[in-house]
Amino acid sequence: MFSQKQIEKYKRTKYTRELERFLNRIVSYISKDKELDKEHFKKYVDEIFKPLEDIEKVRFNSPYLIHLESFVEKSANLPTSDMEMDDIKKEILHSANQLQKTKRKKNFNNQKHKGKHFD
């Protein structure tokens, strides 16, 4: 019914969407102006990481998706570290910012010589 290529694309898309959903949820949770408790944060991270455990991992070639996957793995392990909550918050926000820079970088190409016609 579906070709192998279509199945792989579906798995890749599903995995990518869950990774981005994790990114958006953790950044919005951290960005709220409430006092963060490490126990509540750990429960929240476990809760939002649960859908990723059910999805088959896919190998990526894109730098953005590779960084996204490493961000999610690192963020999921931060609550169990011995870092303070303020340091965890700074680390997550900094990593998310770097990730967005990586994502935007692929959209900007140097147009200096493209499409130029010489007389």
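The values are calculated or read from the model by the stated rules, or taken from the named source; none is laboratory data. For clarity, every value in this text was computed on a predicted model and none was experimentally measured. Here Cβ is always computed from backbone atoms with ideal geometry, including for glycine, and neighbour counts include all displayed protein chains.
So which of Ser70, Ser31, Ser62, Ser81 ends up being at pLDDT 90 or above and of a type in the set (Ser, Thr, Tyr)?
Exactly one of Ser70, Ser31, Ser62, Ser81 is at pLDDT 90 or above and of a type in the set (Ser, Thr, Tyr), namely Ser70.
Here are the criteria: (1) surrounded by fewer than 16 Cβ atoms within 10 Å (Cβ to Cβ); (2) among the aliphatic types (A, V, I, L, M); (3) within 16 Å of Thr102 (Cβ to Cβ). Tell me which single one Leu23 does not satisfy.
Just one mismatch for Leu23, condition (1).
Filter the helices (runs of 4 or more DSSP H) completely within the range 29-109 down to those with at least 3 residues that are touching a residue at least 60 places away in the same chain (Cβ under 8 Å), under 14 Å from the mean Cα position of the chain (by Cα) and surrounded by 12 or more Cβ atoms within 10 Å (Cβ to Cβ).
Filter on the range 29-109 gives 85-105.
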